[in-house]
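Okay, structure first, notes after.
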Amino acid sequence: MSKAILTDVTKCIGCLKCVSACKEVHHLDADVPRVWDKNDGLSAENWTAIVFKDGRYVRKQCRHCLEPACASVCPVGALHKTSIGAVVYDSSKCLGCRYCMMACPFGIPRYEWDKAVPHVEKCILCYDRIEEGKQPACTEACPTGATIFGERKELLPLVHARIEANPGKYIDKVWGEHEVGGTSVLYLSDIDLGFLTYPTVKGDKPLPQETVTAMESVPFAFVGMGGAMLGLNWIIRRRMKLGEEKAKKKDPAHE
Amino acid sequence: MNRAKNAKLVLWILAGFAAAVALNRYLFGLGVTTNLNDRTPWGFWIGFDVMAGVALAAGGFVTTAVFYIMKREEFHPLVKPAVLTAFLGYVAVVVGLLFDLGLPWNIWHMIIYWNPHSPLFEVGWCVMLYTSVLLLEFSPVPLEEYSRYAKIRNFLMKYRFVLVLLGIMLSTLHQSSLGSLFLIMPERLYPLWYTHILPIEFFISAVALGLMMVAFETLVSHWLYRRDPETVLVGKLCRVAAWVLALYFVVKSFDLGITGKLGLVFNGKWQSDLFIVEIAVSTIIPAVMFAVPRLTRKPVVQWTGSFMVVAGMVLNRIDVGGLAMYDSTASYTPSWMEIAISLGVVSAACLVFLFVLERFNIWEIKPADPESMPQTAPSFDYSSRSWLGTPDAASLARHSLAFVLSFALGMGMMSGKRLHAEGVDSIRVSPATGIDTLCINGNRDDQYVEFSHEGHIAWLRTHAISLTIDGVVHTASPSGGDSCTFCHHLNLPGEKVSNCAECHTSMYSEVDFFRHGWHASAVGANLKCDDCHATGVTRNAASAKKCTACHRGYDFAPGKGAAGPELYIPSYVDAMHKLCVSCHIADLREVSSLSQTNGGILSGKDKSNLAQCASCHRTGVPPELRADMKWQVKLPHYDNVVLPNVGVTVK
Ligand code: SF4
Ligand code: SF4
Ligand code: SF4
C-alpha cells in the first residue's frame, strides 16, 4: 500500500503545471521571493518547484523518505509516515522548534517566517486525495507524463525497464531507491541528481539510525549514573566512618 | 559599592533593550526579528541561549555532586550560589526557547505528545524535570525566612540527598543528549565536530565548564560586592578542572585519531583555525595553567583560566549549534535583534541572581543592598509636605528610567521594514537587453523571458487595437502612427521609447513614482501646497496640476499619467505581467473571435498558449516538446500576478 511518485527528468518540459496545480489544490498563497527563502524555489507557499539545472528541469518536492529523519526527530510527533507512504504534518501538535528542518537531508521543510503564528510547510503527497482514490494534483496535472504516481513496488520495476529499454539515455540509477534508506519519490535522470541532497549525505543508511545508539543508551546512562553516584557515596561514607573509628581507637581518651 | 550599582544599571539597560525586540518578535514573527531562514532554521538562540545556556548551568549538578555525594564539606559556601545559578540558568534557557520556538504556547505539548526517538524530546523532559528539582533543591533557602513554612522546608531538607541524586542523573542525560541532537545531521555539521561520541564529549565538557562556571561566578560576585575572594576553594576547583579538561582532551584527540580526522585539524581551512582556537582556549591553555598547583592559588590564573574555559566551551556549543555548519548552509549571520534578546535574557537572570543574593542567606553574611542602608534623612519633608523618596525608591526610579529609555531606543532602532514585517528584499531591476529580441531578466536569475520586440512592432503596424485595462482605454492603430506609446506609455524627456525599468525600478515592491514628500520638502522641490493644488477644493491627486504642467519634456501616452500623477506604480513584475498578460489573456478569453479576425497569423490554439506562464518563462523548452503539450485552457494559478480586468477589440 506504499504509494510513490516517479519523476522522469528527461521528460519534464518545465511548464510548472505541477506547481500551479499544487498551489491550487492546497490553497497556497501568493509567492513573493523573500529574504528568508535563499533556495531553490521551494517556500512555505511552494511545496514543489522546478529547479533548472544543466539544461534540465528537475522537480523538487518532499521525498517522503521510508525512514524520515524529520519524523524521527520531532519531539511531539507532529510529523509521521502514514501507511500510504506520505509523510504528513499535524500543525496542532507542532511547537515550532524547526528540528525537522535541521534534520531533513534534502532540505525540504519550509517555515512561515513572516507569520506571528508560523507552521512548517511541505508536500504531503496529497494523502487526502489518495485516500479519496484520486492521484496527487501534480502528477495529474503533468502534461507530458514526466511525473507519475503509483505503487512504489510497481513503479520500481517500471523504472528499471525504462532504463533497459533506452540504453544510454539514462544514468543507470534510480534516485530514491536506496539513499537514506529509500524514499517514496523516485527520479530517473540523465544528469546527476546529487544536488538534491546535501553533498555530504552518503550511503544508504537511514539517518534516524545515527541517533538510535545514543537514544538506546539513555536508560542505561540514567540508571548507571545513579548507581555510580550511590556507590561512590557509600564508599566515601564508609571510608570516613572507618577513619573516624580508627581515630577513636587510637585516642580513646579523646571522647 | 558602586560596582554592584553600576552593574545593575547596565543589566537593566540591556533588559529594556531586549524587551523592545521581544515585542517585535511576538507581534510580527521570527522572519523580521531574526536572520533565520529556510536553509538555516537554527541560529544564535539555539547555539547560545540553549546549548551554551544549559552547559553554563552545569555548575549546579557538579557542585552538589562534590558536596553531597563526595562529601567534600569545605565546598559548602559554593553550593547555594551554584544551585541558584543553575536554576536561573535553566529558567533563562526556557525563556530563551520561548523566543526561538515558532509556537511557544505549545511548549507543554511535549508532556502529552510523546516521541521517545527524538533527542529533543528527551532534552525537553530532562530540562523540565531538572528545573523543578533545582527549584526544590533551592527553595529551603528562601523558605528559611518564613517560619510558617518550616514543615515544608524540613521535608525538603530531609530528602535533599534524593533530589541531588535525581538532579545528577537528569543532568547526565540531557547534557549529553544535547550532543545527540546533532547526530542526525552529519551533512550539516563539519566533520571536525561531528562524531558519534558527541554526547560523551558534551558530558565531559559540561563537567569542566560547570566547575569553572562556579569558580568564575564566585570570583565575579565577590568582586562586585568587594568581598575577600574564595581563593582556596576556587584553587581546588581549578585543580579538579585540570583533570577533567585533560580527560576531555584525550577523548577528543583519540576520537579524531581513530576516525582519521586529525588531518582536518591542520589543513588551514577556517574551520580548522576555529577548531584550534576553541580547543586551545577551552582546554589546552587552562589545563596547562591549572596543572601547576602553585599557580592555581593565584587570582590572575583563576580569573583568566576560568574565563577561558567558560568562553571556550561556550564557543564550542555555538560551533556545534551552528557556526560549524556555516559551509553547508552559508546563509546566516545573527541579526542584532537576536543578540539583543540573548543579552537581555542573560541580564534579567543576573538581576534576579543579585536580588536573591541581597535578599536571602546565600552567603554567610548577606551583602547589603547599597541603597537600602538605614537612612538618616527623613523621607518625608514635613515643611513642604512632599515625599523625598527613600534611597530604595531612588534605585527603583533609576532602573525604571534605564529600562524605559533603552526600550525606547530599541523601538527606534527597528526599521520600518522590520516593523511592518515586509521582509521583501528590494531588488533593483536590470533593464532588458537586446534589440530585435529582448531578453527580459529583471532580477538576473537566469530565468529570462525572450520577447520578440520586432514581432510585436510588426503586429501593431498592421492592427488597430483598443484595450481596456482597469477601466482606462488604450488604443493604437497603424494610421495613428502611435503604436510605440501603446506599450511605452511614459517617456522621459528627449526619449521616444523609455525602458520599463526606468520607472518600475523595484522587482517586487511598488514604487513611489511621484514622491510627494520630496516635492513638498524644503530640501527637495520645495513647493508650497498651492503651487500644485487648486485652492478652495479638497487637495488630492485629482485637484492637482498635471505632471506635464511642469515637466514638459515628459511624454505621457493618452490615458496614462495625463489624468494626474499616479502616486504609486506597480513593481516591475506586476508591470510586465500587466503589459504582456493583459493582451494575451484577452486572447485566451476571446480565442474564437480572435482566430476569426486574426487573418490567420496565429491560430487560436497557439495564441492561447501564450497565456501559459511557461510559454514565456524558461525559454529552454525544446520546440518539439512544445508541440506535444496538451494545454488545457485554464488560467495559470499565480496569485501574485496582478491580472487586470481587461477587454480587448482588434480591428
Ligand atoms: S524529504 Fe525531508 S521532509 Fe520529506 S520525508 Fe524525507 S526527511 Fe522528511
Ligand atoms: S517544528 Fe514542529 S514539526 Fe518540526 S520538529 Fe519541531 S515540533 Fe516537530
Ligand atoms: S504530491 Fe500533492 S502536495 Fe506534493 S507536490 Fe504534488 S500536489 Fe503538491
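The values are calculated or read from the model by the stated rules, or taken from the named source; none is laboratory data. All values reported here derive from a predicted model rather than from experimental measurement. Using ideal geometry, Cβ is built from the backbone for each residue, glycine included, and neighbour counts are taken over all protein chains shown.
Show the residue pairs that are 6+ apart or on different chains and have beta-carbon atoms under 7 Å apart, the first residue being within the range A:77-92 and in the same structural domain as A:PRO118 (by TED's automatic domain parsing), the second being of a type in the set (D, E, K, R) and more than 9 Å from ligand 1 (Cβ to nearest atom).
So the pair list comes out as A:GLY77/A:LYS93; A:ALA78/A:ASP90; A:ALA78/A:LYS93; A:ILE84/A:LYS3; A:GLY85/A:LYS3; A:GLY85/A:ARG152.
Just checking, which of A:TYR198, A:TYR187, A:TYR170 is of a type in the set (Ser, Thr, Tyr) and not in a loop (DSSP other than H, G, I, E, B)?
The conditions single out A:TYR187.
Do you know which residues across the range A:87-97 are surrounded by 24 or more Cβ atoms within 10 Å (Cβ to Cβ) and more than 9 Å from ligand 1 (Cβ to nearest atom)?
Answer for the range A:87-97, where residues must be surrounded by 24 or more Cβ atoms within 10 Å (Cβ to Cβ) and more than 9 Å from ligand 1 (Cβ to nearest atom): A:CYS94, A:LEU95, A:CYS97.
What helices (runs of 4 or more DSSP H), lying completely within the range B:82-146, carry at least 3 residues that are under 22 Å from B:LEU351 (Cβ atoms) and touching a residue at least 24 places away in the same chain (Cβ under 8 Å)?
Counting at least 3 such residues, we get B:119-138.
What single numbered condition from (1) touching a His at 6+ places or on another chain (Cβ under 7 Å); (2) part of a helix (DSSP H, G or I) fails to hold for A:ASP204?
A:ASP204 satisfies every listed condition except (2).
Quick one: how many residues across the range B:539-552 are over 45 Å from the mean Cα position of the chain (by Cα), exposed (fewer than 11 other Cβ atoms within 10 Å of the Cβ) and part of a loop (DSSP other than H, G, I, E, B)?
Residues meeting the conditions: 1.
Take the range A:121-151 and flag every residue that is part of a helix (DSSP H, G or I), more than 16 Å from ligand 1 (Cβ to nearest atom) and within 14 Å of chain B (Cβ to nearest Cβ).
The answer is A:ALA137, A:GLU140, A:ALA141.
Determine which member of the set A:GLY96, A:GLY55 is at positive phi and either modelled with pLDDT of 90 or more or within 13 Å of ligand 3 (Cβ to nearest atom) (or both).
That would be A:GLY96, the only listed residue that is at positive phi and either modelled with pLDDT of 90 or more or within 13 Å of ligand 3 (Cβ to nearest atom) (or both).
Is it the case that some residue within the range B:32-48 is more than 10 Å from every other protein chain (Cβ to nearest Cβ), under 21 Å from B:GLY210 (Cβ atoms) and either part of a helix (DSSP H, G or I) or touching a strand residue (DSSP E or B) at 6+ places or on another chain (Cβ under 8 Å) (or both)?
Within the range B:32-48, one or more residues are more than 10 Å from every other protein chain (Cβ to nearest Cβ), under 21 Å from B:GLY210 (Cβ atoms) and either part of a helix (DSSP H, G or I) or touching a strand residue (DSSP E or B) at 6+ places or on another chain (Cβ under 8 Å) (or both).
Residues being within 10 Å of ligand 2 (Cβ to nearest atom) and of a type in the set (Phe, Trp, Tyr): count how many of those fall in the range A:57-94.
Adding up the residues that qualify gives 1.
Against the condition under 26 Å from B:ARG188 (Cα atoms), within 16 Å of ligand 1 (Cβ to nearest atom) and in contact with a helix residue (DSSP H, G or I) (Cβ under 8 Å, 6 or more places away or on another chain), how does A:PHE106 come out, does it pass?
It is true that A:PHE106 is under 26 Å from B:ARG188 (Cα atoms), within 16 Å of ligand 1 (Cβ to nearest atom) and in contact with a helix residue (DSSP H, G or I) (Cβ under 8 Å, 6 or more places away or on another chain).
Take the conditions in contact (Cβ under 8 Å) with a residue 60 or more places away in the chain and either closer than 21 Å to A:SER189 by Cα or within 14 Å of ligand 3 (Cβ to nearest atom) (or both) and apply them to A:ILE50. Does it pass?
So A:ILE50 does not fit the description; no.
Does A:ALA103 satisfy being surrounded by 24 or more Cβ atoms within 10 Å (Cβ to Cβ) and more than 15 Å from ligand 3 (Cβ to nearest atom)?
For A:ALA103, the condition - surrounded by 24 or more Cβ atoms within 10 Å (Cβ to Cβ) and more than 15 Å from ligand 3 (Cβ to nearest atom) - is met.
Restricting the search to the range B:483-535, which residues are surrounded by 14 or more Cβ atoms within 10 Å (Cβ to Cβ), of a type in the set (A, V, I, L, M, F, W, C) and not in a loop (DSSP other than H, G, I, E, B)?
Answer for the range B:483-535, where residues must be surrounded by 14 or more Cβ atoms within 10 Å (Cβ to Cβ), of a type in the set (A, V, I, L, M, F, W, C) and not in a loop (DSSP other than H, G, I, E, B): B:CYS484, B:PHE486, B:CYS487, B:LEU490, B:CYS500, B:ALA501, B:CYS503, B:VAL511, B:ALA520, B:CYS532.
State yes or no: is A:PRO118 in a loop (DSSP other than H, G, I, E, B) and either within 27 Å of A:GLU45 (Cα to Cα) or free of Cβ contacts under 8 Å to residues at least 60 places away in the same chain (or both)?
Here the answer is yes, as A:PRO118 does meet what is asked.
Any idea which residue in the range B:5-31 is surrounded by the fewest Cβ atoms within 10 Å (Cβ to Cβ), counting only those that are more than 11 Å from chain A (Cβ to nearest Cβ) and charged (D, E, K, R)?
Ranking the candidates gives B:LYS5 first.
Here are some residues: A:VAL223, A:VAL159, A:VAL212. Which one is more than 9 Å from every other protein chain (Cβ to nearest Cβ) and either surrounded by fewer than 16 Cβ atoms within 10 Å (Cβ to Cβ) or part of a helix (DSSP H, G or I) (or both)?
After applying the criteria, what remains is A:VAL159.
For the range B:200-236, how many residues are touching a residue at least 40 places away in the same chain (Cβ under 8 Å), under 17 Å from B:VAL79 (Cβ atoms) and part of a helix (DSSP H, G or I)?
Looking only at that region, the number is 16.
Do any residues in the range A:95-110 that are within 7 Å of chain B (Cβ to nearest Cβ) and within 10 Å of A:CYS74 (Cβ to Cβ) have Cβ atoms under 7 Å from those of residues that are within 16 Å of ligand 3 (Cβ to nearest atom) and among the β-branched types (Val, Ile, Thr), where the two are at least six apart or on different chains, and which pairs are they?
That search, which allows pairs on different chains as well, returns nothing.
Can you name the condition, by its number, that A:ASP204 falls short on among (1) more than 16 Å from ligand 1 (Cβ to nearest atom); (2) in contact (Cβ under 8 Å) with a residue 12 or more places away in the chain; (3) surrounded by fewer than 14 Cβ atoms within 10 Å (Cβ to Cβ)?
Of everything listed in (1) more than 16 Å from ligand 1 (Cβ to nearest atom); (2) in contact (Cβ under 8 Å) with a residue 12 or more places away in the chain; (3) surrounded by fewer than 14 Cβ atoms within 10 Å (Cβ to Cβ), A:ASP204 misses just condition (1).
With the requirement that a residue be exposed (fewer than 13 other Cβ atoms within 10 Å of the Cβ), hydrophobic (A, V, I, L, M, F, W, C) and farther than 27 Å from B:PHE290 by Cα, what does the range B:245-278 give you?
Within the range B:245-278, B:ILE258, B:TRP270 qualify.
Table: residues versus (1) touching a helix residue (DSSP H, G or I) at 6+ places or on another chain (Cβ under 7 Å); (2) modelled with pLDDT under 95; (3) under 23 Å from B:GLY43 (Cβ atoms).
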| position | (1), (2), (3) |
| --- | --- |
| A:VAL73 | yes, yes, yes |
| A:ILE84 | yes, yes, no |
| A:VAL87 | yes, no, no |
| A:CYS123 | no, no, no |
| A:GLU131 | no, yes, no |
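Just one of A:GLY55, A:GLY41 is more than 7 Å from every other protein chain (Cβ to nearest Cβ) and under 22 Å from A:LEU188 (Cα atoms); which is it?
From the options A:GLY55, A:GLY41, the qualifying one is A:GLY41.
What's the total number of residues in the range B:50-70 that are closer than 26 Å to B:PRO142 by Cβ and either of a type in the set (D, E, K, R) or buried (at least 24 other Cβ atoms within 10 Å of the Cβ) (or both)?
11
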